[in-house]
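The values are calculated or read from the model by the stated rules, or taken from the named source; none is laboratory data. No experiment lies behind these values; they were computed from the predicted model shown. Cβ coordinates were reconstructed from backbone atoms using ideal geometry, including for glycine residues, and neighbour counts include every protein chain displayed.
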Amino acid sequence: MNPIELANLALTCRRLFLRDHVVEVMIGAHDFEKSHPQRVIFNVDLFVPYEYSTPKADQLTEVVDYDFVRDVIRRRLGSGPVVLQETLCDDIAAALLAHPQVKAVRLSSCKPDVYPDCAGVGVEVFHTK
């Protein structure tokens, strides 16, 4: 995405976010990862145009609900194990971007327990309509 498109998102959208959402996930390519779930930390930014995210009557139905983000993650994780964080992030980002009011998604996943000498290993994606 070029800088003009990023600036346009920043000027025309509200950024909704979910920070440090920790879930247990069956994920991994290595044998030591396949025998038990691992903690995965998700961070999500949704860019929603102001016209779809500025409530007039202070009602939840006027905005994108944070529960939607958690539900998308939960549904994907419930559909079975995954080998790669890249696959997991792409699947979740696509489902989030399918929401009619969402214009862009930035999503990261981090596995904090893979290596003892790292705070975590992860992937980040940014997708727009």
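Restricting attention to region 81-94, which residues are touching a residue at least 12 places away in the same chain (Cβ under 8 Å) and not aliphatic (A, V, I, L, M)? Spell out how you get there, then give the answer.
We begin by selecting, within region 81-94, every residue touching a residue at least 12 places away in the same chain (Cβ under 8 Å); these are 81-86, 88-94.
81, 85, 86, 89, 90, 91 - these are the residues of region 81-94 that are touching a residue at least 12 places away in the same chain (Cβ under 8 Å) and not aliphatic (A, V, I, L, M).
Can you spot a residue in region 93-112 that is of a type in the set (Ser, Thr, Tyr) and part of a loop (DSSP other than H, G, I, E, B)? It would help to see each step written out before you state the result.
The initial filter retains those residues of region 93-112 that are of a type in the set (Ser, Thr, Tyr), namely 108-109.
Filter again for part of a loop (DSSP other than H, G, I, E, B), leaving none.
No; the residues of region 93-112 include none that is of a type in the set (Ser, Thr, Tyr) and part of a loop (DSSP other than H, G, I, E, B).
Pairs only if they're at least six apart or on different chains, beta carbon under 7 angstrom, first in region 54-75 and closer than 12 Å to residue 96 by Cα, second small (Gly, Ala, Ser) and part of a helix (DSSP H, G or I); list them, first residue then second.
72/95
Would you mention how many residues in region 75-129 are over 21 Å from residue 33 (Cβ atoms), buried (at least 16 other Cβ atoms within 10 Å of the Cβ), basic (Lys, Arg) and in contact with a Lys or Arg (Cβ under 8 Å, 6 or more places away or on another chain)?
Total meeting the criteria: 1.
Mind checking which residues of region 1-44 are at positive phi and surrounded by 14 or more Cβ atoms within 10 Å (Cβ to Cβ)?
Once the filter is applied, which keeps residues that are at positive phi and surrounded by 14 or more Cβ atoms within 10 Å (Cβ to Cβ), region 1-44 yields only 28.
When residues of region 13-28 are filtered for being of a type outside the set (Val, Ile, Thr), under 20 Å from residue 111 (Cβ atoms) and in contact with a strand residue (DSSP E or B) (Cβ under 7 Å, 6 or more places away or on another chain), how many remain?
6
I'm trying to understand the selection: among the residues of region 25-51, which are in contact with a His (Cβ under 9 Å, 6 or more places away or on another chain) and at pLDDT below 95?
26 - this is the single residue of region 25-51 that is in contact with a His (Cβ under 9 Å, 6 or more places away or on another chain) and at pLDDT below 95.
If you scan region 1-51, which residues turn out to be free of Cβ contacts under 8 Å to residues at least 60 places away in the same chain, basic (Lys, Arg) and in a strand (DSSP E or B)?
Selection gives 14, 15, 19.
Checking residue 61 against (1) part of a helix (DSSP H, G or I); (2) at pLDDT 95 or above, which single condition isn't satisfied?
(2)
Within region 115-122, identify whether any single residue is under 30 Å from residue 2 (Cβ atoms), assigned to a loop (DSSP other than H, G, I, E, B) and at pLDDT 95 or above, and answer yes or no. Before the answer, list the steps.
Quick first cut of region 115-122, residues under 30 Å from residue 2 (Cβ atoms) only: 120-122.
The next check asks that each one be assigned to a loop (DSSP other than H, G, I, E, B); those that pass are 120.
From what's left, at pLDDT 95 or above: 120.
Yes: region 115-122 contains one or more residues that are under 30 Å from residue 2 (Cβ atoms), assigned to a loop (DSSP other than H, G, I, E, B) and at pLDDT 95 or above.
For region 45-62, enumerate the residues that are of a type outside the set (Ser, Thr, Tyr) and either over 19 Å from the mean Cα position of the chain (by Cα) or exposed (fewer than 14 other Cβ atoms within 10 Å of the Cβ) (or both).
We begin by selecting, within region 45-62, every residue of a type outside the set (Ser, Thr, Tyr); these are 45-49, 51, 55-60, 62.
51, 55, 56, 57, 58, 59, 60, 62 - these are the residues of region 45-62 that are of a type outside the set (Ser, Thr, Tyr) and either over 19 Å from the mean Cα position of the chain (by Cα) or exposed (fewer than 14 other Cβ atoms within 10 Å of the Cβ) (or both).
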